[in-house]
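The values are calculated or read from the model by the stated rules, or taken from the named source; none is laboratory data. Fair warning: this is a prediction, and the values are worked out from it, not measured in the lab. A quick note on method: Cβ atoms are made from the backbone with ideal geometry, for glycine too, and the neighbour counts reach across all protein chains shown. Note: accessible area is taken over every heavy atom of the protein model, side chains too, but ligands, DNA and RNA are not part of it. Shrake-Rupley method; radii C 1.70, N 1.55, O 1.52, S 1.80 Å.
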Amino acid sequence: MTNSINKAFIDALPILIDRHQDETVNKIATTDNRLCRVVDGDINGRRAESSAGVVMYDSAGNLANLLVYPSDTQGNEKRPFLMSSYQGEAIVLGDLAGETIAVLGIDNALSLYDSMIADRKNPCILTLPDNMESCFNIMLQAFKPSKVYSTHDKPIKDFGGDCILTIAPLSIALQSDSLAVVLADDDTKVINGWGEVLPLVPSISNKAFPIHRLSPQLRDVVERLAYYAQVPISWAVNSVLGVLSVIGQRAVNAPMQYGQFKPTSLFLLTQAKSGAGKTTLQEFAYLAIKNYTEQQDTKFIKDRLNWENTYLATDPKDRGQWQSENPKPINPQMLLSDTTIEPLLDRYILDDMRNLAIISSEAGKLFGGYSLKADTQDNALSHLTTLYDGGRAERLRSQRGKYAEFKTMACGVRLSIEVSGQQVILQSIIENEKMNGQGLLPRFLLTCEDDILGNRKWNDPERMNLVASDDEVFQGFWTRCLYLLENPMDKVLHEFTQVPQSAYDNVGRYNMPFAKGALQTFANFQQSLEVLYKTDLKEWTAYASRMPENASRIATLLAYYDGKHELTQDYLDTAFEFVWFYMRERMNYGQAQEISDLQKLLDKIIQLAKAKGGSITKRELQQKAPMPYRKSVALLNALDELAQKNCIKFDESDNKIPIVVNPSLL
């Protein structure tokens, strides 16, 4: 009888409701009556009249077999038997989606399950009856549980997980003690545990982004953006910071030591594959800004047409005077997706724009553009770093040409950048010596967190019924952003406090001061980095030296969004954690881009082991190993390192003993 017939047959059996003569069946039914079925008929030539069957599952979670407990009416045929030959199935107590734990003996399994439920855990216990002990190892190989319980006299060897040995069987040990007490007993031992597989190289993505440091309101925004766009949290944070930068750079400056103030503009960079959700993310995040700029553009077109008509209606001899009193309306579009340095500078110098932003999910448009590729690269890099540092755009051309322009400089201007790109584009840029050496890339805040392609959900009912424009979190965020765009800084601040006019710079941006004690917090952070310049950050001083300023910029933007008039320690502490996340991302980037020789060896071992049932001999491996490990000494050293990383187990002294691969890698 095939497994597909087993499943159909078992599905058709009624669930056991009344008590059965077998005590074990009754215990299982008490725990989960769905596991017990009524069997009445011939099973592979054996009579099972008014009997009970306990269902068994395969490792994929499919119904696959039935353990039949004959009733007393069968006379001497009371020994349990299987509906079909054993193929690695198990009686499963709990949900297979969780951590799986195995133990031989149904009484032991029921005691362990009840104890873990009492501890408010969600166990999944795999078991077989005692009389199927010879099949237990087959079941372990099929399910690969993380733990197995046994007794000291019956240790389970080389199954791949932790083997927990107790003096007494669990059905006895757990009668008077909790599982925690049993595990803490000096006589309980753990053997053959693989332990956690350790990385062979540092991960490209470090600890999770410290989103807990954000205010509840902005944290909700980040989480909803990540949910709708189905992207990692750090990507959503970059877009939220990009939005705050575009809005905040118009209104507020960040404090530094010595009474100085810097722009709050941020340069943000995300490594993201095409189709991974970054475009969708930016559409949701920047919606309020885009709606605002569309309204401004509509007004501009109307004003420009009126201006043109009035100009043409004016007597030609009076047009010069009229034009000097009525300047031509300038396109207010501040969001750019595709530009080079020359038109960018024109927008500042000729069009009198003070605030611009480059927002794109195609970083190649910025870094691969003519200005940053051609022989004018040095000049372009200088302009971008100057815009970041001091908010100044300048370009000196000959004044003798036919189209000479007397305007050559614009001060107090701001530029925000939030772009993303694929690794194939960004890797060469991030490793570009000139872009690092001239300081452009060290000004960027980089995240390389892995996308979730392959694990996204599209067809669950909740997601299918969502309408982003109706989301209360989004509505609150967009409303706040629009308010900040439409209202000058003095009005925003006067909601909470009176601020003297002297607190603004010469173009109306508010110089946000440090609150009491905040300057000391800022200086302490600078000092903590100074200590690391000779050790951990020795090779990264260009990046690390900009961490304090970027932290002040981020903290000021967060305070501005919340309507604060001074920068407190809490906002700085949040920003310090943020810039450390970005710093670790950059430090890990180069180390994790290339697959190491050791990783290639492990990949080869896994490939061969899968074809050989989970293990391979050293002799077989040496013939097919990557070239650096074809010699015995090199191979043994590499295998020893892989064993220390809990990837494999092997016996150095015997070539015939196979190399066993950690089941979690198969």
query: What residue, of Leu426, Leu493, Leu453, Leu446, is at pLDDT 90 or above and either under 24 Å from Asp352 (Cα atoms) or not β-branched (Val, Ile, Thr) (or both)?
result: Leu446
- prompt: touching a Lys or Arg at 6+ places or on another chain (Cβ under 9 Å) and surrounded by 14 or more Cβ atoms within 10 Å (Cβ to Cβ) - does that describe any residue in the stretch 312-326?
  reply: no
message: Looking at the stretch 327-348 only, could you name the residues that are hydroxyl-bearing (Ser, Thr, Tyr) and open to solvent by 30 Å² or more (accessible area, probe 1.4 Å)?
response: Ser337, Thr340
query: Just one of Ala518, Ala503 is of a type outside the set (D, E, K, R), open to solvent by less than 40 Å² (accessible area, probe 1.4 Å) and at pLDDT 85 or above; which is it?
result: Ala518
- request: State all residues of the stretch 83-107 that are surrounded by fewer than 18 Cβ atoms within 10 Å (Cβ to Cβ) and among the hydrophobic types (A, V, I, L, M, F, W, C); if no residue qualifies, say none.
  value: Leu96, Ala97
query: Restricted to the stretch 349-373, and to residues that are more than 15 Å from Phe267 (Cα to Cα) and modelled with pLDDT of 85 or more, which residue is surrounded by the fewest Cβ atoms within 10 Å (Cβ to Cβ)?
result: Ile349
message: Tell me yes or no: at least one residue of the stretch 386-399 is open to solvent by less than 10 Å² (accessible area, probe 1.4 Å), out of contact with any Cys (no Cβ under 9 Å at 6 or more places or on another chain) and modelled with pLDDT under 80.
response: no
message: Residues that are open to solvent by less than 20 Å² (accessible area, probe 1.4 Å) and in contact with a Ser or Thr (Cβ under 7 Å, 6 or more places away or on another chain): does the stretch 120-131 have at least one?
response: yes
query: Only one residue in Gly94, Gly53 is touching a residue at least 24 places away in the same chain (Cβ under 8 Å) and farther than 29 Å from Cys163 by Cα. Which one?
result: Gly53
message: Considering only residues that are of a type in the set (A, V, I, L, M) and in contact (Cβ under 8 Å) with a residue 24 or more places away in the chain, which ones fall in the stretch 110-147?
response: Leu110, Leu112, Met116, Ala118, Ile125, Leu126, Leu128, Met132, Ile138, Met139, Leu140, Ala142
- prompt: Thr30 passes all but one of (1) β-branched (Val, Ile, Thr); (2) touching a strand residue (DSSP E or B) at 6+ places or on another chain (Cβ under 8 Å); (3) closer than 25 Å to Val148 by Cβ; (4) open to solvent by 40 Å² or more (accessible area, probe 1.4 Å); which number fails?
  reply: (2)
Residue check for Glu294: under 24 Å from Val473 (Cα atoms), among the acidic types (Asp, Glu), out of contact with any Lys or Arg (no Cβ under 9 Å at 6 or more places or on another chain) and without any contact (Cβ under 8 Å) to a residue 40 or more places away in the chain: yes
query: Filtering the stretch 37-61 down to residues that are within 20 Å of Ala142 (Cβ to Cβ) and assigned to a strand (DSSP E or B), which residue is most open to solvent (accessible area, probe 1.4 Å)?
result: Tyr57
